[in-house]
Number of protein chains: 2
Amino acid sequence: MARPQRLDERQRLMWKAYRDLYQELSAVLEDQLLRDSGLSGSEYAVLVELSHAPDGVLRARELGSELGWDRSRLSHLVGRMEKRRLVVREECEEDARGSMVRLTDAGRATVDGVAPEHSEAIRRYFFNALSTDELETFATVVDRLRDNLAQQGVTER
Amino acid sequence: MARPQRLDERQRLMWKAYRDLYQELSAVLEDQLLRDSGLSGSEYAVLVELSHAPDGVLRARELGSELGWDRSRLSHLVGRMEKRRLVVREECEEDARGSMVRLTDAGRATVDGVAPEHSEAIRRYFFNALSTDELETFATVVDRLRDNLAQQGVTER
DNA sequence: GGTAGTTTGATGACGCGTCAATAAAACCTA
DNA sequence: TAGGTTTTATTGACGCGTCATCAAACTACC
């Protein structure tokens, strides 16, 4: 039975390219976001989720599971965002353990102000560089890999 | 002239899937790495670079540029790794400003011990899930996106 | 050769995320 | 309904990466 070995050179380079691409994309997009709005990527993600919710309110639990974050991370971040008046916390009516996170007017103005440019940057650095066929294959591959992950022992989140 | 808008639903989902895939892959691979070897992903990356260098030595500058990290990050990490006897710092002969980072025997044993299993995990969660054609398209797409990034205003690193 | 500017690495402060512990409320079950 | 379990959110300590700063040494130009 063959013992597992290191990746061959072609695979190693491809794996590195895949990871570097993600880092580079994240870096350029987060830089622009921060310059344009003062928001980090995490803060932007929170505001976007809230901006899609009715009345701009979500329960913390819901928000956390949408974002795939644990409660602690969300709690710390929401605490910081509350100090900056981007969101406010309110108590939850149906469940006294819960807490509701609400977008403030300032928070909505911030996310509405920067979302078009951020979206444009994603198109510029990602979607516009690919043909329709390539995009389709890419989407298929991403889905397949995520299915593969879910199917194997990856039960977290 | 049309003002930029938010992504349409299809693009939004695809962008999210792409990012989630990366996070999930990173999480499962880093978890396994940590369990099997006690190494974080960053530490592993340092050891792998050193293990490919002649005599297991690299100048810090070189190591940093291979990894795409700034000097400070590398300096902090190497400092921590030195305390754990995975690497040692030596002074650089040609350039008295420089510092050389050398893999210790323990460091080499650690990386050699875990590299096969880590590589196998990458195959299991990535390469093995894709057909040859898909892999090829995927590689093309990744390269195209990185070229596109480099070509546009992304001058960093 | 001397000086200005650049490169290299280290350091400390700080921000953010993770982990473990805590508390309170809701749920379940005998 | 009382007792134990689970869920929800917060908190503080800690680890790691970033940023600004610093010192030392190299380089280039006059």
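Quick look at the values:
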item	result
Among (1) under 28 Å from residue B:35 (Cβ atoms); (2) surrounded by 17 or more Cβ atoms within 10 Å (Cβ to Cβ), the one test that residue B:60 misses	(1)
Which listed residue is within 16 Å of DNA strand C (Cβ to nearest atom), in a helix (DSSP H, G or I) and in contact with a helix residue (DSSP H, G or I) (Cβ under 6 Å, 6 or more places away or on another chain), from B:74, B:145	B:74
Residue that is nearest to the other protein chains (Cβ to nearest Cβ), among those in segment B:89-98 that are under 19 Å from residue B:56 (Cα atoms) and more than 8 Å from DNA strand C (Cβ to nearest atom)	B:90
Number of the condition not met by residue B:89 [criteria: (1) over 29 Å from residue A:27 (Cβ atoms); (2) in contact with an Asp or Glu (Cβ under 9 Å, 6 or more places away or on another chain)]	(1)
Residue match in segment B:22-29 (condition: within 13 Å of chain A (Cβ to nearest Cβ), within 13 Å of DNA strand C (Cβ to nearest atom), farther than 19 Å from residue B:102 by Cα and in contact (Cβ under 8 Å) with a residue 40 or more places away in the chain)	yes
Some residue of segment A:78-88 being surrounded by fewer than 17 Cβ atoms within 10 Å (Cβ to Cβ), within 14 Å of chain B (Cβ to nearest Cβ) and more than 9 Å from DNA strand D (Cβ to nearest atom)	no
Filter result for the condition that a residue is part of a helix (DSSP H, G or I) and either among the small types (Gly, Ala, Ser) or within 14 Å of chain A (Cβ to nearest Cβ) (or both), over B:49, B:43	B:49
Scan of segment B:1-30 for residues that are more than 15 Å from the chain's Cα centre (by Cα) and among the charged types (D, E, K, R), ordered by number	B:3, B:6, B:8, B:9, B:10, B:12, B:16, B:19, B:20, B:24
Meets criteria (in a helix (DSSP H, G or I), facing chain B (nearest Cβ under 9 Å) and within 30 Å of residue B:142 (Cβ to Cβ)) for residue A:19	yes
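Let's see how each residue does on (1) more than 10 Å from every other protein chain (Cβ to nearest Cβ); (2) touching a residue at least 40 places away in the same chain (Cβ under 8 Å); (3) polar (S, T, N, Q); (4) farther than 26 Å from residue A:57 by Cα:
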| position | (1), (2), (3), (4) |
| --- | --- |
| A:100 | yes, yes, no, no |
| A:109 | yes, no, no, no |
| A:114 | yes, yes, no, no |
| A:121 | no, yes, no, yes |
| A:134 | no, no, no, yes |
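No value in this document is a laboratory result; all are computed from the given coordinates. Just so it is clear, the model here is predicted, and its values are computed rather than measured. Positions of Cβ are generated from backbone atoms using ideal geometry, with glycine treated the same way; all protein chains shown enter the neighbour counts.
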